[in-house]
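Undergrad: One structure follows; several queries about it will come next.
Where a number appears in this text, it was derived from the coordinates with a stated rule and is not lab data. Predicted model only: the values in this text are computed from it and were never measured. Note: ideal-geometry Cβ built from the backbone for every residue, glycine included; neighbour counts use all protein chains shown.
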Amino acid sequence: MKAVKVIGFILLGLLVIVAAAGTYVKVALPDTGAAPQIKIERTAERIKRGDYLANHVSACMDCHSTKDESLYGSPVVGGFGAGGEKFDQQMGLPGKFYASNITPYKLLSWTDGEIFRALTTGENKFGKAIFPLMPWDHIGQMDKEDVYSIIAYLRSIPAIKKDIPASEIDFPVNFIINTMPHKANLGKLPSENDTIKYGAYLVNAAACMDCHSKRSHGDIIPGTEFGGGMEFKQQGGVVRSANITPDKLTGIGSWSKDIFIQRFKSFEGKEKQAAKLNPGDPHIPMPWYMYAGMKANDLAAIYAYLRTVKPIKNQVIAFQKF
């Protein structure tokens, strides 16, 4: 009888510990520190730089705008910055997530510091964690001035009145998500003359590795970086990301710099010429029309950096029907 009581007390104690830990994670986290007290001057130079980064490098506007999913590459067709795109369980995600409205309609009540903290740490104005579909970890490694430029640009775009549903996160990720935000690890923008380092900076800013690596339970599988094969589930099949390592047989090792640049530039200004998709055709998640606006020199730097990563032999089946 005493043994039963002891076991009971032990189990009760464990339940108390688990409950306390759960309460701490749910209530006390995230905790990345107070939003910085900053006021960003909206200079023409910053707005121009922010426009370039938000539209053609980090491609923020691809997820935060309305896209025509019936066309190849899903070009943006309206609602610029107003959000609303849904990412859900059908895509293999742990819940329903909605791209937020990042126009001044919603951000007007946010301080520059609150936007900065959200972009670089994953903690929003209200102390809530942002699911890392939004690549805040990568933005948090960019140069502070570049982040300032993105904020200046977001302040400059037209406000669009559109309210977005709250995300619904499945258990246990609704707890785990609070442990994800962390302090920024800001870097410095390398000189464009230092081609490899500059290319690495752009690859981080564009979050290339996030999509071009295999994942398990949301985490990149070590050793698969840039090797492609990440699955994007959609109605009727699954699309997989390309291998962009310098492997000559299964990656882009046989591509010349000019071929690489032209692959992107072939989409520049072609949104209105996008081909109509037929039922069962794959929806390509790569935001070609956004990245097509990158400067040729920047694409060349990305190419140069990708030539330095470890070649991975991985023959990707780009689209497979269920």
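Undergrad: Please identify, among Tyr52, Tyr105, Tyr153, the residue showing maximal mean-square fluctuation in a Gaussian network model of the chain using a 10 angstrom Cα cutoff.
TA: Answer for the Gaussian network model of the chain: Tyr105.
Undergrad: Grab the Cα-Cα distance for Lys295 and Asp31, subtract it from 0.36 nm times how many residues apart they are, and report the gain in nm with one decimal. If you can, show how the numbers build up before the last one.
TA: On the way: separation 264, 0.36 × 264 = 95.04 nm, distance 3.76 nm.
Result for the pair: 91.3 nm of gain on full extension.
Undergrad: Using the reciprocal of the averaged 1/r over all distinct C-alpha pairs, how large is the Kirkwood radius of segment 184-322 in Å? Provide the component values of the computation, followed by the final result.
TA: Numbers: mean 1/r = 0.0621 Å⁻¹.
Kirkwood hydrodynamic radius for segment 184-322: 16.1 Å.
Undergrad: For the residues Met61, Met91, what sequence is obtained by ranking on other C-beta atoms within 10 Å, fewest first?
TA: Values: Met61 22, Met91 14.
Lowest to highest Cβ neighbour count: Met91, Met61.
Undergrad: With charges only on Cβ, +1 for K and R and -1 for D and E, what is the dipole size of the chain about its Cα centre, in debye, rounded to 20? Mind dumping the intermediate values first?
TA: Values: 38 positive and 31 negative charges, 67 e Å.
Roughly 320 debye, rounded to the nearest 20.
Undergrad: Let me ask something else about it. A 31 angstrom limit on the alpha carbon distance is what I want to check against. Which of Lys188/Lys265; Lys128/Lys270; Lys86/Lys188; Lys188/Lys257; Lys128/Lys321; Lys96/Lys248 exceed it?
TA: Check vs 31 Å cut-off fails for Lys128/Lys270; Lys86/Lys188; Lys128/Lys321; Lys96/Lys248.
Undergrad: Enumerate the amide H contacts of Gly237 below 5 Å, restricted to partners 5 or more residues apart or on another chain; note that Pro and chain-start residues carry no placed amide H.
TA: Counting only residues 5 or more places away or on other chains, the set is Phe322.
Undergrad: Can you tell me how the chain classifies by the Cα gyration tensor, rounded, prolate or oblate, using a/c under 1.5 as the rounded cut? Mind dumping the intermediate values first?
TA: Numbers: a/c = 1.65, a/b = 1.33, b/c = 1.24.
Note, shape of the chain comes out prolate.
Undergrad: Show that you can apply the helix-only estimate: for the chain, add -39,500 (n - 2.57) for every DSSP H stretch of four or more residues, divide by all residues, and state [θ] at 222 nm to the nearest 500.
TA: -9500 deg cm²/dmol
Undergrad: Please work out whether segment 39-189 counts as rounded, prolate or oblate from its C-alpha gyration tensor, where a ≥ b ≥ c are the square roots of the eigenvalues and a/c under 1.5 means rounded, while otherwise a/b larger than b/c means prolate and anything else oblate?
TA: Working: a/c = 1.62, a/b = 1.16, b/c = 1.40.
Judged from the Cα gyration tensor, segment 39-189 comes out oblate (a/c at least 1.5, b/c at or above a/b).
Undergrad: Next question, about the same structure. Suppose R0 equals 30 Å; then what is the FRET efficiency for Leu189 and Leu249 from their Cβ-Cβ distance, rounded to the nearest 0.05?
TA: Once rounded, the FRET efficiency stands at 0.30.
Undergrad: Further question on the same structure: How do the peptides 243-254, 118-129 rank, highest first, by the average count of neighbouring beta carbon atoms within 10 Å per residue? Working shown, then result.
TA: On the way: 243-254: 18.9, 118-129: 20.5.
Top of the packing list down: 118-129, 243-254.
Undergrad: Next question. Amide H neighbours of Arg215 under 5 Å, counting only residues 5+ apart in sequence or on other chains, H built in-plane at 1.01 Å?
TA: Distant-sequence amide H within range of Arg215: Ile221, Glu231.
Undergrad: Note down the nm distance, to one decimal, between modelled labels 7 Å out along Cα→Cβ at Ala159 and at Lys128.
TA: Inter-label distance under the simple model: 2.1 nm.
Undergrad: Next question, about the same structure. What length, rounded to one decimal in nm, is gained on full extension from Lys257 through to Leu108, with 0.36 nm per residue of separation minus their alpha-carbon distance?
TA: On the way: separation 149, 0.36 × 149 = 53.64 nm, distance 4.26 nm.
This chain segment gains 49.4 nm when fully extended.
Undergrad: Work out, step by step, the length gained on full extension between Ala318 and Ile176: first 0.36 nm times the residue separation, then minus their alpha carbon distance; give nm to one decimal. It would help to have the intermediate numbers written out before the result.
TA: On the way: separation 142, 0.36 × 142 = 51.12 nm, distance 3.14 nm.
Answer, rounded to one decimal: 48.0 nm.
Undergrad: To continue, here is another question. Hey, can you grab everything whose amide H is under 5 Å from the amide H of Gly187? Only 5+ residues off in sequence or another chain; H modelled, so Pro and N-termini drop out.
TA: Met142, Asp143, Lys144
Undergrad: Most mobile of Ile157, Ile284, Ile221 per a Gaussian network model of the chain (Cα springs, under 10 Å)?
TA: Ile221
Undergrad: Using a 7 Å offset from Cα along Cα-Cβ at Lys310, what residues in segment 218-255 end up with backbone N under 18 Å from the label point?
TA: 219-230, 243-253
Undergrad: If you don't mind, another one. With angles folded into 0 to 90 degrees, how steeply does helix 195-205 sit against the dominant principal axis of the chain? Use alpha carbons for both and round to 10.
TA: Here the helix axis deviates by roughly 50 degrees.
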